[in-house]
Amino acid sequence: MKHNQQNTSFQFQYEPVEFNKWTDKPLLQYCLGGTLYMPGTRHIVDKLLARQIPALKSMVMCFEDAIRADEIEAAQANVLEQLDRLALALDEGIINENDIPLIFLRVRNHDQFIRFALQLNSDQARILSGFVFPKYSSCDAMVYLDQLVQLNQRLDARLYGMPILEGKAIAYRETREEELEKLKELMVPYKDYILNVRVGGTDFSSFFGVRRAISTSIYDILLVRDILSDILNVFNRVEDGYTLSGPVWEYFLAYKRDDLSILLEQSLNRSLLTLQPILNDAIDGLLREVLLDKTNGFVGKTVIHPSHLKYVNAMQSVTLEEYEDAQQILKVGDGVIKSENNNKMNEANPHRNWARQVMSRAQAYGVIKNESEYVQLFIDSADPI
């Protein structure tokens, strides 16, 4: 797989790299991009085999909120059958490992996770990338993580965990600090198994009876913004090495094909920051929120509509100016040096961690000439321009 390949005529300054579930974790944790959530009852395998969703690089099939309780058995059987079909297609040479997106399963609770894990075999585990743990709390973190380790050992597999921080103990101010510190401490021995930490903006909003409108971002909700800030403060410290994904964008509306030509004539970032209309309310809101996600340290985002994938993935790419600044900072031992563009000072010590993260994003999503080229990455080669 490679990110941002939908516009075949686009010329990167530096191409994104190939990756799959076997890619080393330090890079793979940056590669998820837009992660598409869908019910565990959804039949997706035919579209994957036909390569009908080229922007899909990571996905989650859900056994939790996306389905009813009486659908769990059917969802589990459906997921196992689809993993079997993908494993068979891999063995028969119909697809290769780079054709399979990173597939995760969002379990309903730890009891369901334990029961489901017993049904999983090694062929299915070859296809699967891991599990998502909802409403992750200090009360059940060890159950999830211990079971994950046992599953890896039993199947001789590489299956990662992605906890979702979305519970009341994190939402409420009086318990948040203690809960976050407990979770961080509990996760230390299992760090190699944790690919990504996810956050639940919708659940956090629900505890306070609020919801962001299509024209606002999750960062406009003060209560949720404070929660996200504290989560980033605890889990986004460079020395700990976690990556965090941005909260879900919950509006479906997608673009009209002929709208994209409008973007070629305007400054995207300036329009986003000044709230000028761009495409439509849903895409404009998504783009603004992704811009704020990046600014605050999130990498990638949960999405619930496939049309949103390319927007999230494109916005993760690195501009040439960022790339050259990062290269310069990493080459300098210490001290301060004028940037290649002569428009800023690059300080080696305070900017080094930023530079390392930029280089990881550049590998995963590619390097573009400047911000105006984000728009080119939104375009599919088949779109009329």
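Please state the charge dipole magnitude for region 165-217, taken about the Cα centre, from unit charges on C-beta atoms (+1 on K and R, -1 on D and E), reported in debye and rounded to the nearest 20.
Roughly 280 debye, rounded to the nearest 20.
With springs connecting C-alpha atoms under 10 Å apart, model the chain as a Gaussian network and identify which of THR202, THR295, THR35 has the largest mean-square fluctuation.
THR295
Relative contact order for the chain: what percent, with Cα pairs under 8 Å and sequence separation of 6 or more?
Relative contact order, the chain: 22 percent.
With a Förster radius of 35 Å, plug the Cβ-Cβ distance of VAL210 and CYS139 into 1/(1 + (r/R0)^6) and report the FRET value to the nearest 0.05.
0.85
What's the local net charge at LEU56, with K and R +1, D and E -1, over the other residues with C-beta under 12 Å away?
Around LEU56, the surrounding residues sum to +3.
Counting only protein heavy atoms, what percent of the accessible surface of region 132-261 is carbon or sulfur at a 1.4 Å probe?
50 percent
Which helices of the chain meet both criteria: a Cα extent of 18 Å or more along the helical axis and a mean Kyte-Doolittle score no lower than 1.0, with helices taken as whole DSSP H segments?
TM-like helix candidates: 222-235.
Mind giving me the FRET efficiency for GLU73 and THR8? R0 is 51 Å, r the Cβ-Cβ distance, nearest 0.05 is fine.
0.75
In the set (1) 146; (2) 180; (3) 203, which value of volume of the Cα convex hull per residue in Å³ was calculated from the structure you see?
Structure-derived value, by its label: (1).
Determine the percent antiparallel among the DSSP beta bridges restricted to the chain, to the nearest 5. Mind showing how you got there, number by number?
On the way: 4 of 34 bridges.
Rounded to the nearest five, the antiparallel share is 10 percent.
Using the heavy atoms of the protein chains alone and a 1.4 angstrom probe, what is the accessible area of the chain per residue in square angstrom?
On a per-residue basis, 44 Å².
Would you mind telling me the share, in percent, of accessible area of region 10-94 contributed by carbon and sulfur at probe 1.4 angstrom?
51 percent
For the chain, with a Gaussian network of springs between Cα atoms less than 10 Å apart, report the residue from TYR374, TYR172, TYR323 with the top mean-square fluctuation.
TYR172
Would you calculate, for the chain, the mean residue ellipticity at 222 nm contributed by helices, counting each DSSP H stretch of 4 or more residues as -39,500 (n - 2.57) and dividing by all residues, to the nearest 500?
After summing the helix terms and dividing by residue count, I get -13000 deg cm²/dmol.
With unit charges on the beta carbons (Lys and Arg positive, Asp and Glu negative) and the dipole taken about the Cα centre of region 73-128, which residue among LEU88, ALA75, ILE100 sits farthest to the positive side?
The residue sitting farthest along the positive end of the dipole is ALA75.
Would you work out which of TYR219, SER137, GLN119 lies farthest towards the positive end of the dipole of the chain? Charges go on Cβ: Lys and Arg +1, Asp and Glu -1.
TYR219
Please find the FRET efficiency linking LYS182 to LYS47, where r is the Cβ-Cβ separation and R0 is fixed at 41 Å, and quote it to the nearest 0.05.
Result of the calculation: an efficiency of 0.50.
What is the distance, in nm, between label points placed 7 Å from the Cα along the Cα-to-Cβ direction at ASP99 and at GLU371?
Distance between label points: 4.0 nm.
Rounded to the nearest 20 debye, what is the charge dipole size of the chain about its Cα centre when +1 sits on each Lys and Arg Cβ and -1 on each Asp and Glu Cβ?
With Lys and Arg at +1 and Asp and Glu at -1, about 140 debye.
Between rounded, prolate and oblate, where does region 1-42 land on the alpha carbon gyration tensor, with a ≥ b ≥ c its root eigenvalues, rounded for a/c under 1.5, else prolate if a/b exceeds b/c?
Taking the square roots of the gyration eigenvalues as a ≥ b ≥ c, region 1-42 is oblate.
For Cα pairs less than 8 Å apart in space and 6+ apart in sequence, what is the mean separation divided by the residue count of region 1-160, i.e. the relative contact order in percent?
It rounds to 22 percent for region 1-160.
For region 5-58, give the magnitude of the charge dipole about the Cα centre (Cβ charges: +1 Lys/Arg, -1 Asp/Glu; no others), in debye to the nearest 20.
Result for region 5-58 is approximately 220 debye, rounded to the nearest 20.
For region 112-214, what's the relative contact order in percent, using C-alpha pairs closer than 8 Å and at least 6 residues apart? Write down the numbers at each step before the final one.
Numbers: 116 pairs, mean separation 30.0, N = 103.
That works out to 29 percent.
Among the listed pairs LYS184/LYS369; LYS25/LYS331; LYS57/LYS294, which are separated by more than 29 Å between their Cα atoms?
Check vs 29 Å cut-off fails for LYS184/LYS369.
The values are calculated or read from the model by the stated rules, or taken from the named source; none is laboratory data. Given the structure is predicted, the values throughout are model-derived calculations rather than measurements. Virtual Cβ from ideal backbone geometry, glycine too; neighbours counted across all protein chains shown. What goes into the accessible areas is simple: the full protein's heavy atoms, side chains included, and nothing from ligands, DNA or RNA. Shrake-Rupley method; radii C 1.70, N 1.55, O 1.52, S 1.80 Å.
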